[in-house]
Amino acid sequence: ADSLNQLAQAHGKFMGSAAATAHFSDSQYTEILGREFGQITAENEMKWDTTEPSRGQFNFGPGDQIVDFAQQNGQSVRGHTLVWHSQLPDWVSNLPSSEVRGAMENHVTEVAGHYAGDIYAWDVVNEPFNEDGTFRTSPLYNAMGSDFVAHALRAAKAADPNAKLCLNDYNIEGINAKSTAMYNLVRDLKADGVPIDCVGIQGHLAIQYGFPSDLRQNMQRFADLGVDVAITELDVRMQLPVDSQKEATQSQYYANVIDACLAVDRCVGVTVWGFPDKYSWVPDVFDGEGSATLWNDSYQPKPAYNAVVEAFGGD
Ligand code: G3I
């Protein structure tokens, strides 16, 4: 049978997954990761707390393992992430405000510079917004205001001129205050001549909250600004225990996401946020929830896997 990525490629898209070096000793994991996907995203290995745990001390080992895996398997790499309020090492939070911009630009320069040539697209800034569309406070925002986004994008462009430069966020699947804030930011950055190539829509969905039925329309409005869009962290969680009704709803959600991407020319691909269920971040964060990925704990493809295959026109 064709892999998910081969099915996506037939439509000019890719299918990707988050990848975690913590599971590279699990041969069932690496076999599926290498076989099914054409793109991988480091789940944690390229984040600031890993890559620069203390000021000026860079650690590229874990991220390099991700790149090596991708190259051995003919996969592209999404860089995740240069600037984020979370997994931000304490030394950044403790800097005097006047030093934060320099530290951020140096971080972006060193990390994007190290991986230059290996990264197809960077999440330059991750999760800048609150749910109401205001900027999230963080050491970066507090020091630079919203200009931190433009400063980060410009530093990334200088360090890796060939990577696509993206902004990435969650709960921006539908048209709402947060996605409109992202839309306005991209529009303004483009008007100001700041390098911005793409928007990542994470896609952390939950069956109990309903499907964002305007996903396609929302992706299209970003595309109409002249940027690529991608679903970057797809999973569909549910309240446990699993039953066949919930799995059917989950399958429909996965298929709906594929359908929306297929309907938007500038949707370049869909990336799932890891597998199997036992390695998902969901149970660690949402009490009593889980079963969010395409493979069960014994690596059997779930009904949602078949739904993705069918959405791509496979059998
Ligand atoms: O590696 C340590 C381990 O040594 C330690 O014993 C253990 C104890 O808690 O923690 C382990 O680190 C954890 C790490 O995942 C690796 O498993 C961290 O505590 C935990 O916070 C971290 O969670 C990650 C989370 O981002 C952090 O914010 C998840 O794996 C990762 O899936 C998740 O990914 C984010 C995206 O980057 C951005 N969008 C949302 C998405 C889901 O939260």
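Per-structure values
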item: ILE66 being β-branched (Val, Ile, Thr) and under 30 Å from ASN184 (Cα atoms); result: no
item: Helices (runs of 4 or more DSSP H) contained in region 1-96 and holding at least 3 residues more than 16 Å from the ligand (Cβ to nearest atom) and at pLDDT 95 or above; result: 4-9, 27-36, 61-72
item: Boolean, ALA292 is aliphatic (A, V, I, L, M) and within 17 Å of GLY210 (Cβ to Cβ); result: yes
item: Lone unmet requirement of (1) surrounded by 23 or more Cβ atoms within 10 Å (Cβ to Cβ); (2) under 30 Å from PRO96 (Cβ atoms); (3) out of contact with any Gly (no Cβ under 8 Å at 6 or more places or on another chain) for LEU167; result: (3)
item: Some residue of region 258-275 being assigned to a loop (DSSP other than H, G, I, E, B), surrounded by fewer than 20 Cβ atoms within 10 Å (Cβ to Cβ) and within 14 Å of the ligand (Cβ to nearest atom); result: no
item: Residue in region 1-13 that is exposed (fewer than 13 other Cβ atoms within 10 Å of the Cβ) and among the aliphatic types (A, V, I, L, M) present; result: yes
item: Subset of region 208-218 [crowded, with 20+ Cβ neighbours inside 10 Å and assigned to a helix (DSSP H, G or I)]; result: LEU215, ASN218
item: Selection from region 159-180 of residues that are more than 17 Å from PRO212 (Cα to Cα) and in contact with a strand residue (DSSP E or B) (Cβ under 8 Å, 6 or more places away or on another chain); result: ASP160, ALA163, LYS164, LEU165, CYS166, LEU167, ASN168
item: Selection from region 170-192 of residues that are surrounded by 24 or more Cβ atoms within 10 Å (Cβ to Cβ) and in contact (Cβ under 8 Å) with a residue 40 or more places away in the chain; result: ILE172, GLU173
item: All positions within region 77-117 that are out of contact with any strand residue (DSSP E or B) (no Cβ under 7 Å at 6 or more places or on another chain) and of a type in the set (Ser, Thr, Tyr); result: SER86, SER93, SER97, SER98, THR109
item: Verdict on GLN245 being away from the ligand (no atom under 16 Å from the Cβ) and within 25 Å of LYS278 (Cα to Cα); result: yes
item: Selection count where residues are part of a loop (DSSP other than H, G, I, E, B) and more than 16 Å from the ligand (Cβ to nearest atom), scope region 162-207; result: 11
item: Every pair of residues 6+ apart whose Cβ atoms lie under 7 Å, when the first sits in region 229-257 and is among the aromatic types (Phe, Trp, Tyr) while the second is part of a loop (DSSP other than H, G, I, E, B) and modelled with pLDDT of 95 or more; result: TYR253/PHE211
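Residue-wise test of (1) crowded, with 23+ Cβ neighbours inside 10 Å; (2) part of a helix (DSSP H, G or I).
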| residue | (1), (2) |
| --- | --- |
| ARG101 | no, yes |
| GLU105 | no, yes |
| VAL108 | yes, yes |
| ASP118 | no, no |
| VAL125 | yes, no |
| HIS151 | no, yes |
| ARG154 | no, yes |
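The values are calculated or read from the model by the stated rules, or taken from the named source; none is laboratory data. These numbers come from a predicted model, not from an experiment. So basically every Cβ, Gly included, is an ideal-geometry build from the backbone, and we count neighbours across all protein chains shown.
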